[in-house]
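The values are calculated or read from the model by the stated rules, or taken from the named source; none is laboratory data. A quick note: this is a predicted structure, and the numbers were derived from the prediction, not measured. Ideal geometry is used to build each Cβ from the backbone, glycine not excepted, and the neighbour counts take in all protein chains shown.
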Amino acid sequence: MILNGLADYHTHNALCRHAEGDPIDYVRSAQARGLGEIGISDHSPMPTEIDDWRMLLEDFPRYLELVAEAREAFPDYPVRLGLEVDFLAGHEPWIEKVAGMAEFDYLIGAVHYISPEWDIDNPKHLSRWSQSDVTDVWQRYWDAYTACVRSQLFDFYAHPDLAKKFGHRPEGDLRHFYEPAIQAAVDTGAAFEINTAGRYKDIEEFYPAVPFLEMMAEAKLPVLISSDSHDPAHVGRDFAEAVELAKSAGLTTTLRFENRQRTVLTLP
């Protein structure tokens, strides 16, 4: 089956304070759906509390315990340990510290913030869009995203065009925004995901857009398929369609991770 050749590495749980379920619930869902393996990757803690949608530093030991319990419950099913880590310029030493806090299988790099006060996918900041130049916001986002990729602190990169979440994007061909991030991936050996959660946001389409996928294919980059699930029922959601989309764009390979080492596989 197609799902057996895939892993869902982008999942969240109740410790991030805006998701449901424990890691073991996500493992059960992944196994029931027929996925080859599952990764747990809650939002990484920060040294100080900067928002209300990530794991608290004090809860990190419990996070490791819950993943260990899930592994013990499913000893014959691969359960990978990860984190989704926000890239914020100037916080690289913290990211490096986080990377040494556990024996991670992978770290996901992500950009949510274009300034310390604006996480652009947060609905509470929607009014900022009407007060800002969309092209400028996009440029700031993609500059940060390219810096995230060039940092080489992560194993793959989440929802590349998250800036489109609420439907705000510049007119015309957007490839000039994508090109620096694609080139950074080529230069550093990076990988991006197709994130199926975008379909259930205001934009109603996967992250990233098809032209970005086509540029990935031209650059011969691998792709991961991710649900970004915040509910165990959403693990592996729309994966078969995402694979077909990836193939139609010309993508041919995906990745598995263990101990921060990657294995390249052919897309199923």
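Could you pull out the residue among L255, L224 that is surrounded by fewer than 21 Cβ atoms within 10 Å (Cβ to Cβ), under 16 Å from the mean Cα position of the chain (by Cα) and among the aliphatic types (A, V, I, L, M)? Quick ask: steps written out before the conclusion?
Details: L224 fails: surrounded by fewer than 21 Cβ atoms within 10 Å (Cβ to Cβ).
The conditions single out L255.
Within the range 99-110, can one find any residue that is at pLDDT 95 or above, surrounded by fewer than 20 Cβ atoms within 10 Å (Cβ to Cβ), within 22 Å of G167 (Cβ to Cβ) and touching a helix residue (DSSP H, G or I) at 6+ places or on another chain (Cβ under 9 Å)?
The answer is no, given that none of the residues of the range 99-110 is at pLDDT 95 or above, surrounded by fewer than 20 Cβ atoms within 10 Å (Cβ to Cβ), within 22 Å of G167 (Cβ to Cβ) and touching a helix residue (DSSP H, G or I) at 6+ places or on another chain (Cβ under 9 Å).
So, of the residues in the range 218-261 that are of a type in the set (D, E, K, R) and in contact with a Phe, Trp or Tyr (Cβ under 8 Å, 6 or more places away or on another chain), which turns out to be farthest from I182 (Cα to Cα)?
Filtering the range 218-261 for residues of a type in the set (D, E, K, R) gives 218, 220, 228, 231, 237-238, 241, 244, 247, 256, 258, 260.
Next cut, in contact with a Phe, Trp or Tyr (Cβ under 8 Å, 6 or more places away or on another chain) only: 238, 260.
Details: D238: 25, R260: 22 Å.
So, considering only residues that are of a type in the set (D, E, K, R) and in contact with a Phe, Trp or Tyr (Cβ under 8 Å, 6 or more places away or on another chain), the one farthest from I182 (Cα to Cα) is D238.
Quick check: is even one residue across the range 41-64 touching a Lys or Arg at 6+ places or on another chain (Cβ under 7 Å), closer than 20 Å to D238 by Cα and of a type outside the set (F, W, Y)?
No; the residues of the range 41-64 include none that is touching a Lys or Arg at 6+ places or on another chain (Cβ under 7 Å), closer than 20 Å to D238 by Cα and of a type outside the set (F, W, Y).
Please find, among A219, A181, A233, the residue that is more than 17 Å from A147 (Cβ to Cβ) and free of Cβ contacts under 8 Å to residues at least 40 places away in the same chain. Working first, answer last.
Details: A181 fails: more than 17 Å from A147 (Cβ to Cβ); A233 fails: free of Cβ contacts under 8 Å to residues at least 40 places away in the same chain.
Answer to the selection: A219.
Residues being under 23 Å from I95 (Cβ atoms) and surrounded by fewer than 18 Cβ atoms within 10 Å (Cβ to Cβ): count how many of those fall in the range 22-52. Reasoning before the result, please.
Applying the first criterion (under 23 Å from I95 (Cβ atoms)) to the range 22-52 yields 23, 39-52.
Now narrow it down to the ones that are surrounded by fewer than 18 Cβ atoms within 10 Å (Cβ to Cβ): 47-52.
Looking only at that region, the number is 6.
To keep it simple, each residue is scored yes or no on (1) aliphatic (A, V, I, L, M); (2) closer than 23 Å to I95 by Cβ; (3) crowded, with 20+ Cβ neighbours inside 10 Å.
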{"site": "R140", "(1), (2), (3)": "no, yes, no"}
{"site": "V149", "(1), (2), (3)": "yes, yes, yes"}
{"site": "P160", "(1), (2), (3)": "no, yes, yes"}
{"site": "F177", "(1), (2), (3)": "no, no, yes"}
{"site": "I194", "(1), (2), (3)": "yes, no, yes"}
{"site": "E204", "(1), (2), (3)": "no, no, no"}
{"site": "Y207", "(1), (2), (3)": "no, yes, yes"}
{"site": "V210", "(1), (2), (3)": "yes, no, no"}
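What's the number of the only condition in (1) outside any helix (DSSP H, G or I); (2) in contact with a strand residue (DSSP E or B) (Cβ under 7 Å, 6 or more places away or on another chain); (3) surrounded by fewer than 20 Cβ atoms within 10 Å (Cβ to Cβ); (4) not polar (S, T, N, Q) that M55 fails to meet?
(3)
Residues in the range 139-155 that are over 12 Å from the mean Cα position of the chain (by Cα) and in a loop (DSSP other than H, G, I, E, B): how many?
3
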